[in-house]
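Student: Quick one: structure below, then a few questions.
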Amino acid sequence: MDADDVEGLKQQLAARFRQLQEQHDLSGVQLEARTRYDRKNASAIRNNGRLPARHVLQAYDDVFGTAGELTGLGDRIRAADQALRLGELRARAEVGGGQDQDGPAREAEEETTTDRREFVQAGALTVAAGIAAEVSRRVASADPDPLTLDELDERLDDIGGRYTTMPHATLTPLVLGGWRDAERLLDSRLSARVRTRVTVMAGLFSFTAGRLAFNLGDDAAARRFASLAELYARDVDDPLLSGSVATLKTSIAYYTGRHTAAADIAGQARAGAHPYLRARLAAYEARARAAAGQHEQARQALRDMQDAVWLGEPMVGTEPFGEEMIHCFLAVVSGRLGDGELAEPHARRSLAILQATGGGYEDIGGTYNALAQAFLRRRQPDPEQAADAASHALAALEGRPTRTVIQRTGQLWQELGARWEGQRAVVDLGERLQAHRQALPAGSGG
């Protein structure tokens, strides 16, 4: 392999890249917007300059739909360049040991076996040292631009900030795109520090993808993303990520009717979880214990919830668990325990906070369902107010189908129908519920 071969491959890559840019009518600025990688990478390819990192070429392949063509050319260029460098190193080693063929050569023939062994070893070390230098350069230049990592962090923050207000279907491509970008980085050579950071980001994107799948009613996808996120968490021993995964796994178990399993998942995760998540996990355990009929354990988990509230800054993964969530779960669990009189003021307080702060639609819908449950668990049940509150829960979604709200509303409607089937409010609720169930993409709202 000689220098002309390397340059020829670079020219081939440059020509193909220019052709693809023209075919797709995409400027460097537009490519930067689509891939989130600096436009200088495109300029370098077009002008036979420094070859961008492998994950950058993969991103261009995705944009152009070229199925790894550019990435493959980049790999060939790197392999050819490395072969050229190693050839030069070997040539230098041979020149250093060969000498001319007169006196010095004759003297070399008279070297002892030990001298020849030392020479061979020295030559091998010279070649190996050149390889080591090449590897060192690859390691030093392997980490992505810090801006790329910062952009992934910003994407996670942006998704976290909009998770409770943006429709799940709209968030999905943003989350999956971030996960794929993180995975591309993990497929390349990275320093240990950067690999840990990217692994955590990949885990958070995977966890969020699982939340989205769960809230859209696709439990199979939710479980797969939860398992993947758990592997990321174990890889870097991150308690915040592993605790977040536990909140997803206990929710899947709870909403599929495995209440004891849901309680055990949350209870076991609480001990080693990051302090940021302990109150939420205690609340999820209390909810599941109450549904499983384990009343005293549910009350103890509620007490633990109130003692474990995080007072620091919000963190990535899930939303902060503060005053509003405390009142919400006090309402949910009290209603599950049959105390509607206690549940009602907590539900109303939670709604007041959500309305004052502009809370998310899932939280609002869930709290209205808790209020509906409170009306049914009073000493004198009020089916009309219960149906009205459940209707408000569905209205809060406003075309943003959410499995947790729709499924719980369905359970309340079934209870209403069993006792007050003919009431107009109950019939109207059933009609609204049917429309919302059909809107769930995965079709598993019940």
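The values are calculated or read from the model by the stated rules, or taken from the named source; none is laboratory data. It should be emphasised that the depicted structure is a prediction, and the values quoted were computed from it without experimental measurement. When we count neighbours, we look across all protein chains shown, and the Cβ atoms used for this are built from the backbone with ideal geometry, even at glycine. The accessibility values were calculated without ligands, DNA or RNA, using every heavy atom of the protein model including side chains. Shrake-Rupley method; radii C 1.70, N 1.55, O 1.52, S 1.80 Å.
Student: So Pro275 fits all but one of (1) touching an Asp or Glu at 6+ places or on another chain (Cβ under 7 Å); (2) over 21 Å from Arg408 (Cα atoms); (3) surrounded by fewer than 17 Cβ atoms within 10 Å (Cβ to Cβ); what number is the exception?
Tutor: Evaluating Pro275 over (1) touching an Asp or Glu at 6+ places or on another chain (Cβ under 7 Å); (2) over 21 Å from Arg408 (Cα atoms); (3) surrounded by fewer than 17 Cβ atoms within 10 Å (Cβ to Cβ) leaves (1) as the failure.
Student: Tell me which residues, restricted to the stretch 354-365, are assigned to a helix (DSSP H, G or I) and open to solvent by 30 Å² or more (accessible area, probe 1.4 Å).
Tutor: Residues satisfying the conditions are Gln355, Ala356, Thr357, Glu362, Asp363, Ile364.
Student: Can I ask one more? Collect the residues in the stretch 257-272 that are open to solvent by 10 Å² or more (accessible area, probe 1.4 Å) and modelled with pLDDT of 95 or more, keeping them in residue-number order.
Tutor: Gly257, Arg258, His259, Thr260, Ala261, Asp264, Ile265, Gly267, Gln268, Ala269
Student: For the stretch 41-52, give me each residue that is touching a residue at least 12 places away in the same chain (Cβ under 8 Å) and basic (Lys, Arg).
Tutor: The one that is touching a residue at least 12 places away in the same chain (Cβ under 8 Å) and basic (Lys, Arg): Arg46.
Student: Within the stretch 334-346, is even one residue within 29 Å of the chain's Cα centre (by Cα) and buried (at least 24 other Cβ atoms within 10 Å of the Cβ)?
Tutor: no
Student: Against the definition (open to solvent by 50 Å² or more (accessible area, probe 1.4 Å) and of a type in the set (Ser, Thr, Tyr)), how does Thr199 come out, yes or no?
Tutor: When the stated conditions are applied, Thr199 does not pass them.
Student: Here are some conditions: (1) farther than 17 Å from Val333 by Cβ; (2) buried (at least 23 other Cβ atoms within 10 Å of the Cβ). Arg280 meets all but one. Which one does it not meet?
Tutor: Tallying (1) farther than 17 Å from Val333 by Cβ; (2) buried (at least 23 other Cβ atoms within 10 Å of the Cβ), Arg280 fails exactly one: (1).
Student: Which numbered condition in (1) part of a helix (DSSP H, G or I); (2) closer than 27 Å to Glu154 by Cα; (3) touching a residue at least 24 places away in the same chain (Cβ under 8 Å); (4) not hydroxyl-bearing (Ser, Thr, Tyr) is the only one that Trp310 fails?
Tutor: (1)
Student: I would also like to ask the following. Scan the stretch 286-307 for residues that are among the aliphatic types (A, V, I, L, M), part of a helix (DSSP H, G or I) and open to solvent by 20 Å² or more (accessible area, probe 1.4 Å) and jot them down.
Tutor: Ala291
Student: If you go through the stretch 424-441 one residue at a time, how many are open to solvent by 70 Å² or more (accessible area, probe 1.4 Å) and either on the phi > 0 side of the Ramachandran plot or assigned to a loop (DSSP other than H, G, I, E, B) (or both)?
Tutor: 1
Student: Suppose we filter Gln58, Gln12, Gln21 for residues that are surrounded by 15 or more Cβ atoms within 10 Å (Cβ to Cβ), touching a residue at least 40 places away in the same chain (Cβ under 8 Å) and not in a loop (DSSP other than H, G, I, E, B); which single one remains?
Tutor: Gln58
Student: Do you know which residues across the stretch 24-55 are closer than 23 Å to Ala79 by Cβ, among the aliphatic types (A, V, I, L, M) and in a loop (DSSP other than H, G, I, E, B)?
Tutor: Leu51, Ala53
Student: I'm checking my understanding of the structure. Among residues of the stretch 215-226 that are open to solvent by less than 10 Å² (accessible area, probe 1.4 Å) and of a type in the set (A, V, I, L, M, F, W, C), which one is nearest to Val236 (Cα to Cα)?
Tutor: Ala226
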